[in-house]
Amino acid sequence: AINWSDVYSHDHRVWLYDVIFANKRYVAVGMGGMVVSSANLHDWQQAEINSKSWLTSISYGSGYFIVSGASGTLLKSQDGLAWQLESSPTQEWLSTVRFVNNKFLALGSSGTILRSDTGESWQLLPSPTKAWLYGVSYGAGRYTIVGENSTILSSEDGKSWSIVRHKLAKNTTLRSIIYANNQFVIVGAHGLIATSRDGLHWQKQHSETKRGLYSIVHY
């Protein structure tokens, strides 16, 4: 895209961290419990949320929007307009929530990994790391999580996780991961790009930048 226009500028004091299009609505989340949504990118509605937590991530699956945020905050909505606060088994900062392989996984500080099949009844999973976790994807028969300090975790069932030993640069923050075209792709700090066919053996790829890369998507 070349030409961009401002579609939501009601309050520039509020940072919006994540946005999704699902169930015929655009929904964005951010600081102070901010949730705004639109059906047409022009008319935006702010939801009334029973939380002032920083909301950092939003996902959609099984007919529900799920939002994660600071202090273990988890919110659930069917339509992106009316939201309810879900019971959370942690007070850690949840940086990411994703719907992968028909399951919700939420990740965050101190190696926190939460799992839910429906967006409620969240389970705190045993984690082999205390690193901050940022990204998760599923492919090649396994779940893969990435985070700070070059952390890569792997699981075949989405419940039991192990650390993947690799030869990528140490002490590097791995920010985002996807599975597309039969391979995993990771991006992270200092322009890092790495790929793997199985989620276990990783190869660094040439990058044209040393700037931090924060997200990767495939369409």
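For segment 150-206, what does the alpha-carbon gyration tensor say about shape, rounded, prolate or oblate, given a ≥ b ≥ c as the root eigenvalues, a/c under 1.5 as rounded, and a/b over b/c as prolate? Oblate shape, in that a/c is at least 1.5 and b/c is the bigger or equal ratio.
Counting Lys +1, Arg +1, Asp -1, Glu -1, what net charge surrounds Gly158 among other residues with beta carbon under 14 Å of its beta carbon? Residues near Gly158 contribute +2 overall. Among the listed pairs Lys24/Lys210; Lys76/Lys204; Lys52/Lys130; Lys130/Lys167, a Cα-Cα separation exceeding 29 Å is found for Lys24/Lys210; Lys76/Lys204. Amide H to amide H, with H built 1.01 Å from N, Thr172 comes under 5 Å of Asn149, Ser150, counting only residues 5 or more places away or on other chains.
Here the Karplus curve 6.51 cos²θ - 1.76 cosθ + 1.60, taken at θ = phi - 60°, turns the phi angles of segment 62-70 into couplings of 6, x, 9, 8, 10, 10, 10, x, 5 Hz, with x standing for Gly and Pro. Expressed as a whole percent, the accessible surface of the chain that belongs to carbon and sulfur atoms is 47, based on a 1.4 Å probe. Rounded to the nearest whole Hz, the Karplus-based 3J(HN,Hα) values (6.51 cos²θ - 1.76 cosθ + 1.60, θ = phi - 60°) of segment 139-156 follow the sequence x, 6, x, 8, 8, 9, 10, 10, x, 6, 6, 6, 6, 10, 10, 9, 8, 8, with x at glycine and proline. Size descriptors for segment 50-89: radius of gyration and Dmax over Cα atoms are 9.4, 26 Å.
Heavy-atom accessible area with a 1.4 Å probe sorts Ser160, Ser68, largest first, into Ser160, Ser68. Per residue, the average separation of C-alpha pairs within less than 8 Å and at least 6 apart gives segment 103-144 a relative contact order of 35 percent. The distance from the alpha carbon centre of segment 151-189 to that of segment 37-54 is 32 Å, rounded to a whole number.
Can you tell me the relative contact order of the chain? Whole percent, Cα pairs under 8 Å, sequence separation 6 or more. All intermediate terms of the calculation are to be shown ahead of the outcome.
Details: 588 pairs, mean separation 20.7, N = 219.
Reported as a whole number, the value is 9 percent.
Surface exposure of the chain, expressed per residue as accessible area with a 1.4 Å probe, stands at 54 Å². Put Val164, Val217 in order of accessible area, highest first, and with a 1.4 Å probe you get Val217, Val164. Extent along the principal axes, Cα only, for the chain: 47, 43, 28 Å, with the longest axis given first.
Under 5 Å between amide hydrogens, built in the peptide plane, is the criterion, and for Ser57 it picks out Ser68 among residues at least 5 positions away or on other chains.
The values are calculated or read from the model by the stated rules, or taken from the named source; none is laboratory data. All of these numbers come straight from a predicted model, not from anything done at the bench. All Cβ positions, glycine included, derive from the backbone under ideal geometry; neighbour counts span all protein chains shown. Only protein heavy atoms, including side chains, enter the accessible area calculation; ligands, DNA and RNA are left aside. Shrake-Rupley method; radii C 1.70, N 1.55, O 1.52, S 1.80 Å.
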